[in-house]
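Remarks on the structure that follows.
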Amino acid sequence: MKIRPLYDRIIVKRIEQQRKTASGIVIPDSAAEKPEQGEVLAVGQGKRNADGSLQPPELKVGDHVLFGKYAGQTVKVDGEELLVMREEDVFAVLTSQDAQLKKAA
């Protein structure tokens, strides 16, 4: 199934973080926090301005983004958990150099 977001909404798939501490302890799913990084899978056509013009989105498919812990609405599509959120809920886009950095404890 394909999903196409409307207006300034985007579809994001969370990027799972490593579930093991530096000392080798495995963190169970129930204790692990949900990751706050994801990959943009789909982007809407943009936001309508007050004058009726369309403001194109800044994000594009494939961008790796940072967002808030409680951002977006979780939906399941074909058994896969995805987030639907507004473009303005995204804090930053990770560049290739940033994408290699690990999330701070």
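The values are calculated or read from the model by the stated rules, or taken from the named source; none is laboratory data. The structure displayed is predicted, hence computed values, not measured ones. Surface accessibility is based on the protein's heavy atoms, side chains included, excluding ligands, DNA and RNA. Shrake-Rupley method; radii C 1.70, N 1.55, O 1.52, S 1.80 Å.
What residues qualify as long-range amide H neighbours of Asp63, i.e. H under 5 Å apart, gap of 5 or more or another chain, H built at 1.01 Å from N?
Under 5 Å from the amide H of Asp63: Val40.
Would you list Lys60, Lys2, Lys76, Lys69 from the most to the least accessible area, probe 1.4 Å?
Lys2, Lys76, Lys60, Lys69
Tell me, what is the 1.4 Å probe accessible area of Asp63, in Å² to the nearest 10?
Approximately 20 Å² for this residue.
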